[in-house]
């Protein structure tokens, strides 16, 4: 986990339901909110089952509003508890947030941009759309969701983009044809994608098939969506003498850390690859929820990102990089190899 973040206390200055199951929250940090780069997110400390954990939420828009940062939180049931905590906080509540950071910034050098959002993945793309539209850049946005009622900021985007916005509401029977969309894009154009893992993997595969340069496909993920519902499973690290139960609302990384196993991690969203461990064996199905590995690497089932990926209907044996030469943190005694 990164230790170089600058933390501050922020107050919830306002909140509203921006769409069905989506809460928009205004956060006013001490001294007021400063500007932030495109595609930026906030790390914040949340309390889940009496314990402090980290969650990450993309900033909405191009700049602070009345000295506040703006985020939108989709309530996840079931989930890992972060969204329920953020929904429970009243106006006036205080929480710790880190300064904005980004791994999902516009290049502003392409002749054309295609922005693709799935559900709450719209949040980091709103600021991008505003910047591109305001600067006169050629931009289109594709926005998919279960229904229009569940899709936040539709009116804002329509006012910003006009007919350059296409809405794909599932209950209206509309589906994206990404192969056709990529074919229409300028050969040197760029695609920016944020949404659930299925959308990301499908888009990335079609982008590769089209023969386009991989660096022009830029993406961000929720970091927790998968193909299977989260369920309890067991993880074994035999060289360390550890077997741990991972609960439905808990990540494998959290469970290992609670058992005293130190795992290097940073993004906790399946993007950076720092938390990767070797898979020794498994039963059931590995539910790879990262975007660090390719589809072929997922099918090999040789390595796993423990910050987001899970097992469905079985258990897993891993070999973590931590060698157990000395304890990294308090927890159950670890048998040395």
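Tabulated data
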{"quantity": "Over the stretch 1-58: Kirkwood hydrodynamic radius from C-alpha pairwise inverse distances, Å", "calculated": "13.4"}
{"quantity": "Residues 87, 207, 7, 69, sorted so that the one with the fewest Cβ neighbours within 10 Å comes first", "calculated": "7, 87, 207, 69"}
{"quantity": "Order of 8, 102, 52 under a 10 Å beta carbon neighbour criterion, fewest first", "calculated": "52, 8, 102"}
{"quantity": "Cα-based radius of gyration of the chain once divided by 2.2 N^0.38 Å, which approximates compact folds", "calculated": "1.02"}
{"quantity": "Helix-only CD estimate at 222 nm, as mean residue ellipticity for the chain, using -39500 (n - 2.57) per DSSP H run (n ≥ 4)", "calculated": "-5000 deg cm²/dmol"}
{"quantity": "Prolate/oblate/rounded label for the stretch 113-221 (Cα gyration tensor, a/c 1.5)", "calculated": "oblate"}
{"quantity": "Candidates 221, 123, 317: whichever shows maximal mean-square fluctuation once the chain is modelled as a Gaussian network with Cα springs under 10 Å", "calculated": "317"}
{"quantity": "Cα Rg, Dmax, the stretch 213-265, angstrom units", "calculated": "15.0, 45"}
{"quantity": "Using a Förster distance of 22 Å, the FRET efficiency for residue 88-residue 258 (Cβ separation, nearest 0.05)", "calculated": "0.45"}
{"quantity": "Length added when fully stretched, residue 210-residue 109, from 0.36 nm per residue minus Cα-Cα", "calculated": "34.3 nm"}
{"quantity": "Segment residue 133-residue 52, extension gain: residue separation times 0.36 nm, minus the distance between their alpha carbons", "calculated": "25.2 nm"}
{"quantity": "The stretch 233-319 - percent relative contact order, Cα under 8 Å, separation 6 or more", "calculated": "38"}
{"quantity": "Antiparallel content of DSSP bridges confined to the chain, in %, to 5", "calculated": "65"}
{"quantity": "Shape of the stretch 157-227, Cα gyration tensor, a/c cut at 1.5", "calculated": "oblate"}
{"quantity": "Calculated FRET value between residue 158 and residue 188, using beta carbons and R₀ = 22 Å, to 0.05", "calculated": "0.20"}
{"quantity": "FRET efficiency, residue 247 to residue 95 (Cβ-Cβ, R0 22 Å, nearest 0.05)", "calculated": "0.40"}
{"quantity": "Potential lengthening between residue 6 and residue 299 on full extension [0.36 nm per residue; Cα-Cα distance subtracted]", "calculated": "101.6 nm"}
{"quantity": "Alpha-carbon spread of the stretch 7-98, three principal axes, descending order, Å", "calculated": "33, 28, 24"}
{"quantity": "Inter-probe distance in nm under a simple model that places probes 7 Å from Cα toward Cβ, at residue 77 and residue 283", "calculated": "3.4"}
{"quantity": "Globularity index of the stretch 233-319, i.e. its alpha-carbon radius of gyration over 2.2 N^0.38 Å", "calculated": "0.96"}
{"quantity": "Mean Cα-pair separation over length for the chain, i.e. relative contact order, pairs under 8 Å, 6 or more apart, %", "calculated": "14"}
{"quantity": "Ordering of 168-178, 131-141, 234-244, 302-312 by burial proxy (mean other Cβ atoms within 10 Å per residue, highest first)", "calculated": "302-312, 234-244, 131-141, 168-178"}
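Bear in mind that the values in this text are calculations on the coordinates, not laboratory data. Note that the structure is a prediction, hence the values are computed from the model and not measured. Counting neighbours? That spans all protein chains shown, and the Cβs are built from the backbone with ideal geometry, glycine included.
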